[in-house]
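The values are calculated or read from the model by the stated rules, or taken from the named source; none is laboratory data. Nothing here was measured: the structure is a model prediction, and the numbers come from that model. Cβ atoms come from the backbone with ideal geometry, glycine included; neighbour counts cover every protein chain shown. Heavy atoms of the whole protein, side chains included, go into the accessibility calculation; ligands, DNA and RNA do not. Shrake-Rupley method; radii C 1.70, N 1.55, O 1.52, S 1.80 Å.
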Amino acid sequence: MGIRVCRQGRTMDIVLIAVVVIGALAIWGIGQSRLRHSDKFALRTERIQLSPEQPSWIRGDVLRDVIKQHNLEELFLDDSNLTKQLADAFTLHSWINSVELVEKNPSGVAVVVNFRKPVAMVEVKYDDRPHVLPIDAEGTVLPPADFTADDISNYLRIAADHLRPSGLVGDPWGDSKVVGAAKLAGLFDGIPWKEMGLYRIEVTMNPRDSTVVYYVILKERPEIRVLWGSEPGKETIDEQIAPEKLAELTAFYHANKTLQISSEPTEIDLRSRDGVKVIPLKED
């Protein structure tokens, strides 16, 4: 009997210890929960440092848009997967091309992104009415609401049979001809195309082999056109590559002080490796 009493006492001691431990853990857990949900750990707008500075062509507030759309202020700085959640949220914004870094720091969280840059306006039709949609050099559709009527004139036009995008804002356009024109517009973004009098990239098909051919048309003199040729990066074996074409066109403009080199329909052909060719065009 004595041995049995001893065992019961030890059993009671173990039970009491277990109760004390469980109670302590519960109290600790409550404390941690309260601490976790305190303002000290709450994710706030001012605790997210977005860089680089938002470019001037974006009208809205990207940071506040992302926070609102994804309820980021419901998150906490000590969340183990916080950086991934932030990276996913910013990646989905239509003005962000990629997220380079998400990193916690003493002030909160640093987010480094690559913003998309508009390079052209694609001509489309809705209900038989003309519209334009902004696009970047990779062929991504950008938010039209961020552009005013005055903004539109600051970008090259792209004419491709009024092809509509296959997706939504923030998605690729979905047509290779428009993507090729977007690449070309991205190249022209580095030269004074507006000063040159250029206005529209026109996508055409070569009737002999059905290959895509790009022209750039002057605004004031549409009968004078620049024959660019193939999509940048997809030149034929006998064709100048894109950087050389761009250099030739720029040098030709500076040498002549204009691209309006004739009173008659004229083609400025950049394709030849022998330099720029000026070709008079016969009117139909």
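For region 82-177, the solvent-accessible area with a 1.4 angstrom probe is 49 square angstrom per residue.
Per residue, region 180-284 exposes 54 Å² of solvent-accessible protein surface, assessed with a 1.4 angstrom probe and all protein chains in place. The gain in end-to-end length when the Ser98 to Asn81 segment is fully stretched comes to 4.2 nm, 0.36 nm per residue minus the alpha carbon separation.
Relative to the globular-protein estimate of 2.2 N^0.38 Å, the Cα radius of gyration of the chain stands at 1.64. Seen against the Cα atoms of the chain and their longest principal axis, helix 82-91 is set at about 20 degrees.
Excluding same-chain neighbours fewer than eight residues apart, the aspartates and glutamates reachable from Lys84 by a Cα-Cα span under 20 Å are Glu46, Asp65, Glu73, Glu74, Glu100, Glu103. Less than 5 angstrom separates the built amide H of Arg157 from those of Met121, Arg200, Ile201, all sequence-distant by 5 or more or on a different chain. For the listed peptides 198-204, 145-151, a ranking on the average number of other beta carbons within 10 Å per residue, highest first, reads 198-204, 145-151.
Note on Phe252: accessible area approximately 40 square angstrom, rounded to 10, probe 1.4 Å, nucleic acids and ligands left out. Between Leu168 and Thr204, the contour length at 0.36 nm per residue exceeds the alpha carbon distance by 10.4 nm. The stretch between Lys125 and Ile191, if pulled fully straight at 0.36 nm per residue, gains 20.8 nm over its current Cα-Cα span. Taking label points 7 Å from Cα along the Cα-to-Cβ direction, Asn256 and Phe41 give a separation of 7.0 nm. Across region 248-256, computed HN-Hα scalar couplings (Karplus, 6.51 cos²θ - 1.76 cosθ + 1.60, θ = phi - 60°) run 5, 5, 5, 5, 4, 5, 5, 5, 9 Hz from first to last residue, x flagging Gly and Pro.
Protein heavy-atom surface of the chain, 1.4 angstrom probe: 54% of the accessible area is carbon and sulfur, with nucleic acids and ligands not counted.
Amide H contacts for Phe115 (H built 1.01 Å from N in the peptide plane; partners 5 or more residues away or on another chain; cut-off under 5 Å): Asn97.
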